[in-house]
Amino acid sequence: QVQLVESGGGLVQAGGSLRLSCAASGSIFSFNTMGWYRQVPGKRRELVATVTSGGTTNYAGYVKGRFTISRDNAKNTVYLQMNSLKPEDTAIYYCYLAFWADYWGQGTQVTVSS
């Protein structure tokens, strides 16, 4: 069974930075997409950023230029460097992995205070 373990969430002041990490384990196909989605109460889960095993990235427009996604294929780990955080970035952030199916982490809370 695929497992996704997230770390790095927490409380940060507006304008600050935070780095999320997610390590995947289990039987994982080498060609895959990993990334991050986020969700707030009353809204649908939405894309933050994804990166393929080949290095192709995709960002939501509201984070491009502030957030950077990266990955270590050997470790099956994806990172999200978040800079210039805003209160509206407050959400539960979910790690994502896809190859033949979609897999999700438990989510980690990111709270940006002003």
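The values are calculated or read from the model by the stated rules, or taken from the named source; none is laboratory data. Remember, predicted model here, so these are calculated numbers, not experimental data. In this analysis, Cβ positions are derived from the backbone assuming ideal geometry, glycine residues included, and neighbour counts consider all displayed protein chains. Keep in mind that these areas ignore ligands, DNA and RNA; they rest on the heavy atoms of the full protein, side chains included. Shrake-Rupley method; radii C 1.70, N 1.55, O 1.52, S 1.80 Å.
Annotations for the structure displayed:
- Computed from the C-beta positions of S30 and Q106 and an R0 of 22 Å, the FRET efficiency is 0.35 to the nearest 0.05.
- Ordering 37-48, 11-22 by mean Cβ neighbour count within 10 Å, with the highest value first, yields 11-22, 37-48.
- Per-residue HN-Hα couplings for region 65-78 [Karplus 6.51, -1.76, 1.60; θ = phi - 60°; Hz; x = Gly/Pro]: x, 10, 9, 10, 9, 8, 8, 10, 5, 5, 9, 6, 10, 10
- Whole-percent carbon and sulfur share, accessible surface of region 74-114, 1.4 Å: 47
- Potential lengthening between A23 and E88 on full extension [0.36 nm per residue; Cα-Cα distance subtracted]: 20.8 nm
- Neighbour net charge for T33 - beta-carbon separation under 14 angstrom, K R +1, D E -1: 0
- Calculated FRET value between S114 and S70, using beta carbons and R₀ = 25 Å, to 0.05: 0.35
- With a 1.4 Å probe rolled over the protein heavy atoms of all chains, the accessible area of D89, D102, D72 falls in the order D102, D72, D89, largest first.
- Hits among lysines - C-alpha to C-alpha of K86 under 24 Å, sequence gap 8 or more where chains match: K43, K64
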